[in-house]
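A.B. asks: I am attaching a structure below and will ask some questions about it afterwards.
The values are calculated or read from the model by the stated rules, or taken from the named source; none is laboratory data. Being a predicted model, the structure only gives us computed values, none of them experimental. Cβ: placed from backbone, ideal geometry, glycine included. Neighbour counts: every protein chain shown. We work out accessible area using only protein heavy atoms, side chains counted, and drop any ligands, DNA or RNA first. Shrake-Rupley method; radii C 1.70, N 1.55, O 1.52, S 1.80 Å.
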Amino acid sequence: MDAVIENLPLFLEGFRNTLGLLVLAGIGALVLGIIIATMRISPVASFRGFATVYTEIIRNTPLTLVLFFCAYLLPYLQYSPGYFTLATIGLTVYTSPFVAEALRSGINGVHVGQAEAARSIGLTFGQTLSFVVMPQAVRMVVPPLINVFIALTKNTSVAGAFFVFELFGAARKITNLRGDEVLAILLAVAAFYLLVTISLGLIAGRVEKKVAVLR
């Protein structure tokens, strides 16, 4: 454990950047996912078509390729805010269709009669979605959404291959310094990831129980 204790500042720096990627990309993916899910059920055909194509293309594109595009092609196009920001953009784009599909499954789970009743009293599509459908849909998809964010936590490790110093990057640097303690270093990295994923799982359980009471 001496290799872990000696390099704890590097672990903590990588862990902080991992959390930063998770929080920022998670918020961005949630916002973008809501927009895409709304477009998927929009009465406007062009919106539905765009959202469908976006979802299918991004979901079937490897994350490494998405991050490669952000890390190399965006700077080539004269947009270079830094690798951390570029990785955040890539993770946001990659995660958003999974969020959108989870939300869409919840929207489809709301009885169509409720939307029809809302429209019959004069609510617009946006009002029906915001005040009637979406609150119920979100309650149904808490576990799938948490699973998406747990997957996002693990996906942040791919950013380490694109010049972002997160947990994977910290492990690689420390392994170069202490190659004789690879197992301890990897176990320490796994412990940091478990700290996040288990916490998300506990939060999901508490939220799900609360939502069940509300329903």
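A.B. asks: Counting other Cβ atoms within 10 Å, which chymotrypsin sites (Phe, Trp or Tyr not before Pro) in segment 77-182 have at most 16 and lie in a DSSP loop?
C.D. replies: Working: sites: Tyr79, Tyr83, Phe84, Tyr94, Phe98, Phe125, Phe131, Phe149, Phe162, Phe163, Phe165, Phe168; in loops: Tyr79, Phe163, Phe165.
Hits after loop and neighbour filter: Tyr79, Phe163.
A.B. asks: Another question about this same structure. What do you get when you divide the Cα radius of gyration of segment 1-72 by 2.2 N^0.38 Å, with N the number of residues?
C.D. replies: Cα-based Rg divided by the globular estimate yields 1.65.
A.B. asks: Measure nothing fancy, just the Cα-based angle from helix 8-40's long axis to the longest principal axis of the chain, in degrees from 0 to 90, nearest 10.
C.D. replies: Between the helix axis and the principal axis of the chain, the angle is about 20 degrees.
A.B. asks: Which of the lysines could a cross-linker span from Lys154 if the Cα-Cα distance has to be under 20 Å and same-chain partners fewer than 8 positions apart are dropped?
C.D. replies: Candidates past the 8-residue exclusion: Lys173.
A.B. asks: Moving on. In the neighborhood of Arg48, defined by Cβ-to-Cβ distances under 12 Å, what is the net charge if each Lys or Arg adds +1 and each Asp or Glu adds -1?
C.D. replies: Values: positive: Arg40, Arg104; negative: none.
Computed value for this residue: +2.
A.B. asks: Roughly to the nearest percent, how much of the accessible area of segment 43-181 is carbon and sulfur, given a 1.4 Å probe?
C.D. replies: Here carbon and sulfur together make up 64 percent of the probe-accessible area.
A.B. asks: If you don't mind, another one. Would you calculate a helix-derived [θ] at 222 nm for the chain, using -39,500 (n - 2.57) for each DSSP H run of n ≥ 4 and dividing by the full residue count, to the nearest 500?
C.D. replies: Calculated mean residue ellipticity at 222 nm is -25000 deg cm²/dmol.
A.B. asks: Let me ask something else about it. With springs connecting C-alpha atoms under 10 Å apart, model the chain as a Gaussian network and identify which of Glu181, Glu166, Glu101 has the largest mean-square fluctuation.
C.D. replies: Comparing Glu181, Glu166, Glu101 in the GNM, the peak value goes to Glu181.
A.B. asks: Whole angstrom only: what separates the Cα centroid of segment 1-77 from the Cα centroid of segment 126-167?
C.D. replies: 10
A.B. asks: Work out from phi, with θ = phi - 60° and the Karplus expression 6.51 cos²θ - 1.76 cosθ + 1.60, the ³J(HN,Hα) of each residue of segment 130-138, listed in order in whole Hz, and give x for Gly and Pro.
C.D. replies: Values per residue, Gly and Pro as x: 6, 9, 10, 7, 4, x, 6, 5, 4 Hz.
A.B. asks: Given the C-alpha atoms of segment 130-182, compute the convex hull and give its volume per residue in Å³. Walk me through the numbers on the way to the answer.
C.D. replies: Numbers: hull volume 4.9 nm³, N = 53.
Hull volume over Cα atoms, normalised by residue count, gives 93 Å³.
A.B. asks: Could I ask something else about it? Taking the Cα-to-Cβ direction at Tyr76 and at Phe50 and moving 7 Å from each Cα, how far apart do the two end points lie in nm?
C.D. replies: 2.6
A.B. asks: What would the Debye formula give as log10 I(q)/I(0) at q = 0.16, 0.25, 0.30 Å⁻¹ for the alpha-carbon point model of segment 53-113, no solvent?
C.D. replies: Ignoring solvent entirely, the Cα scatterers give -0.58, -0.98, -1.16.
A.B. asks: Another question, then. If you average over every viewing direction, what projected area does the convex hull of the Cα atoms of segment 1-121 give, in nm²?
C.D. replies: Orientation-averaged projected area of the Cα hull: 11.3 nm².
A.B. asks: Quick one: what are the phi-derived ³J(HN,Hα) couplings along segment 94-100, Karplus 6.51/-1.76/1.60 with θ = phi - 60°, whole Hz, x for glycine and proline?
C.D. replies: Couplings: 5, 7, 4, x, 5, 5, 4 Hz.
A.B. asks: How are the C-alpha pair distances of segment 14-53 spread across 10 Å bins, as whole percents from the shortest bin up?
C.D. replies: Distribution as computed: 31, 32, 22, 14, 2 percent.
A.B. asks: What does segment 141-215 give for Rg and for Dmax, in Å, if only its C-alpha atoms count?
C.D. replies: Final numbers for Rg and Dmax: 16.1, 54 Å.
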